[in-house]
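Student: Take this structure, written in structure tokens, and hold onto it; I'll ask about it next.
The values are calculated or read from the model by the stated rules, or taken from the named source; none is laboratory data. Model, not experiment: these values are computed from the prediction. Neighbour counts run over all protein chains shown; Cβ positions are idealised from the backbone, glycine included. Surface accessibility is based on the protein's heavy atoms, side chains included, excluding ligands, DNA and RNA. Shrake-Rupley method; radii C 1.70, N 1.55, O 1.52, S 1.80 Å.
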Amino acid sequence: MPNTVVVGTQWGDEGKGKVVDLLTAGADLVVRFQGGNNAGHTLVVGGKQFIFHIVPSGILYEDKKCLVGNGLVVDPEVLLEEMDKLTEAGIDVPPERLSLSEKAHLIMDYHRAVDHAREAAKGKDKIGTTGRGIGPCYEDKAARTGVRAVDLTEPETLKDKIETNLKEKNFYLEKFLNAAPLDAGAITDRYLQMAERLVPYITDVSMELALAVKAGKNILFEGAQGTHLDIDHGTYPFVTSSNPVAGAACAGAGIGPNQLHHVVGIVKAYTTRVGAGPFVTELLDETGDYIQEKGAEFGATTGRRRRCGWLDLVVVGDSVRLNGLDSLAITKLDVLTGLEKLNICVGYEIDGERISHRPASLKRLSRCKPVYKEMPGWSEDITGARTPEQLPAAARDYLGAIEDIAGVPLSIVSVGAGREETIMLRDPFRGSG
Ligand code: GDP
Ligand code: IMO
Ligand code: MG
């Protein structure tokens, strides 16, 4: 039974939450391996909407274990809020159901302060971060000054680290960013208070996974963000500060590559992006507005309006290679219903030359023009379709074109936000659908 990784192939918000929720039915454990509460993963189950920022999207199944890996940056306040909301909704989250890696780094108050002040200082050149302190926390991890979850179990270590870090952070905040300094004592007290609730959840996630592997259990790895927001492979510097690609599941959860057996790439049937950065197929016309409204394309974390455009198979093709995708899950196909003609970007043209991969240079990328394959649209409501045969021929052709051009078989087609609004072609955990 294959362990499966779910990743976004575009710029995030592809519908990872929905697909992870679906696949959790066949898994025993669900693990997040990177990012933090910049993620907003939406599930609609029984007509009720849930949005998760840190807790893995498998949490709605009572008998599954969810784990937050070492590769994440965790804001403890947000994690506790999320646990409280689940409890309010009647879903208990005891330590038997949720683990937090002792090696995960903690987002501190000064990380959020730096994120905000830096973006404000950048003005029109800002990246458009989610303002959650993600980048500054990963910076401290790389600088070897970060605070880890395990530090919550040692009050003296925590206090010392916060005091030492704040000396430098306050200097930077006050003198360089013209922002207010923070108080070490107040931060320490707040984090120690949260530690009282969180310490029972702190474990060695890598060891838990090793035991699960030994017991023959199925593990589902939930990616956050998307391949083109990857710090190495994305549209740098308009990226996040972690590696959302599938390979990062190993380092970010503490498991060997031989334990990853299937990689599902989620492809939204069109493209969206929140925040700044290049977007070759962006639609700045009424078709873009139509998709934005029909797809309710507002950020699940920040509420920002998402930029919309045609499906870009140059972007998806790069993701096939970077993640080693075994199958594709196409989401939000229903949103395209009602458009007379659809475009799929099958290449870029730059200075008269045709290319099929996104250039690293933003200057070169800004000169790239999309080469489109035009396809007929459909007008029938497809949200009730549960088999490919129930889709209009034009919708089947659209899916066929994606499969052919990307060169990867489809496993799932999503035709609505609800768990049941799905055409399951091939469940990686169960052989066939
Ligand atoms: P994630 O970050 O990749 O988990 O995606 P988000 O949750 O941020 O954004 C996806 C949005 O689309 C959510 O509001 C989902 O409920 C919704 N959604 C997912 N799949 C479908 C679908 O097939 N059709 C429609 N109409 N909405 C969908
Ligand atoms: P999910 O998991 C879409 C974007 C931000 C910004 C850039 C850097 O829901 O798909 P950061 O706060 O990470 O430093 O911001 O990355 N971004 C996302 N966009 N979906 C996400 O997550 C994102 N997480 C970060 O908008 O452009
Ligand atoms: Mg999202």
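Student: What number goes with the only condition from (1) open to solvent by 10 Å² or more (accessible area, probe 1.4 Å); (2) in contact with a Phe, Trp or Tyr (Cβ under 9 Å, 6 or more places away or on another chain); (3) within 18 Å of residue 230 (Cα to Cα) that residue 2 does not pass?
Tutor: (3)
Student: When you go through 73, 5 one by one, which is the residue that is within 14 Å of the chain's Cα centre (by Cα), in the same structural domain as residue 230 (by TED's automatic domain parsing) and more than 10 Å from ligand 1 (Cβ to nearest atom)?
Tutor: Every option except 5 fails the conditions.
Student: Look at the range 224-241 and say how many of its residues are touching a helix residue (DSSP H, G or I) at 6+ places or on another chain (Cβ under 6 Å), farther than 16 Å from residue 317 by Cα and within 15 Å of ligand 3 (Cβ to nearest atom).
Tutor: Counting residues in the range 224-241 that are touching a helix residue (DSSP H, G or I) at 6+ places or on another chain (Cβ under 6 Å), farther than 16 Å from residue 317 by Cα and within 15 Å of ligand 3 (Cβ to nearest atom) gives 1.
Student: While we're here: Being open to solvent by 10 Å² or more (accessible area, probe 1.4 Å), among the β-branched types (Val, Ile, Thr) and closer than 19 Å to residue 97 by Cα is the filter here; which residues of the range 42-67 pass it?
Tutor: Of everything in the range 42-67, just one residue is open to solvent by 10 Å² or more (accessible area, probe 1.4 Å), among the β-branched types (Val, Ile, Thr) and closer than 19 Å to residue 97 by Cα, namely 51.
Student: Within the range 273-291, track down each residue that is closer than 11 Å to residue 310 by Cβ and within 16 Å of ligand 3 (Cβ to nearest atom).
Tutor: Of everything in the range 273-291, nothing turns out to be closer than 11 Å to residue 310 by Cβ and within 16 Å of ligand 3 (Cβ to nearest atom).
Student: Can we say residue 39 is in a loop (DSSP other than H, G, I, E, B), buried (at least 20 other Cβ atoms within 10 Å of the Cβ), at pLDDT 95 or above and within 15 Å of ligand 2 (Cβ to nearest atom)?
Tutor: On the way: in a loop (DSSP other than H, G, I, E, B): yes; buried (at least 20 other Cβ atoms within 10 Å of the Cβ): yes; at pLDDT 95 or above: yes; within 15 Å of ligand 2 (Cβ to nearest atom): yes.
Here the answer is yes, as residue 39 does meet what is asked.
Student: Within the bounds of the range 248-259, is there any residue that is modelled with pLDDT of 95 or more and within 25 Å of residue 333 (Cα to Cα)?
Tutor: No, every residue in the range 248-259 fails to be modelled with pLDDT of 95 or more and within 25 Å of residue 333 (Cα to Cα).
Student: Among the helices (runs of 4 or more DSSP H) contained in the range 274-374, which hold 2 or more residues that are touching a residue at least 60 places away in the same chain (Cβ under 8 Å) and over 24 Å from residue 246 (Cβ atoms)?
Tutor: Fully inside the range 274-374 and qualifying: 362-366.
Student: Given the range 139-230, what helices (runs of 4 or more DSSP H) lie entirely inside it while holding 3 or more residues that are more than 26 Å from residue 114 (Cβ to Cβ), at pLDDT 95 or above and open to solvent by less than 50 Å² (accessible area, probe 1.4 Å)?
Tutor: Working: elements: 155-171, 184-198, 205-214.
Result: 205-214.
Conditions tested, residue by residue: (1) out of contact with any Ser or Thr (no Cβ under 7 Å at 6 or more places or on another chain); (2) within 16 Å of ligand 3 (Cβ to nearest atom).
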position	(1), (2)
9	no, yes
12	yes, yes
17	no, yes
28	yes, no
32	yes, yes
35	no, yes
42	yes, yes
55	yes, yes
